[in-house]
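Okay, structure first, notes after.
The values are calculated or read from the model by the stated rules, or taken from the named source; none is laboratory data. Predicted, not measured: the structure shown is a model, and the values here were computed from it. Virtual Cβ from ideal backbone geometry, glycine too; neighbours counted across all protein chains shown.
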Amino acid sequence: VIINLLENSLRYAPRGSKITLEAYGEGNKAVITVTDEGAGIAPEHLPHLGERFFRVDAARTRGKGGAGLGLSICKSIVEAHNGQMTIDSAPGHGTSVTIIIPRAPSLEV
């Protein structure tokens, strides 16, 4: 999941821009966020980003590769682990994808 999110940022953010991976524990959950300085995504597209085969601009993204399955697969994997994935973005302000999943129980002996 994290590799796919990083690959999306590398694919769509401008060359040389900053991509940030942040991870921390919050109670019994792990929070992981990938943020980029890309062009951002219009609000009307955000609800559809986890749908299979959805691409914001099929004509433009076709040249960059991808079938519109990556975020859908990520969302399915996160949800299969009782987690959630959210996407925050705005045109001109980049994109942040956050996954929140339950932490594994401690293996104290």
Complete set of residues in the stretch 2-37 that are out of contact with any His (no Cβ under 9 Å at 6 or more places or on another chain), in a loop (DSSP other than H, G, I, E, B) and either of a type outside the set (Lys, Arg) or under 19 Å from Ile101 (Cα atoms) (or both): Ala13, Pro14, Gly16, Ser17, Gly27, Asn28
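Here is a check on your reading of the model: is Ile87 modelled with pLDDT of 95 or more and not in a loop (DSSP other than H, G, I, E, B)?
no
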Looking only at the stretch 11-42, filter to residues that are closer than 20 Å to Ser72 by Cβ and at pLDDT 90 or above; which one of those is surrounded by the fewest Cβ atoms within 10 Å (Cβ to Cβ)? Thr33
Take the stretch 97-109 and flag every residue that is at pLDDT below 95 and of a type outside the set (Val, Ile, Thr). Arg103, Ala104, Pro105, Ser106, Leu107, Glu108
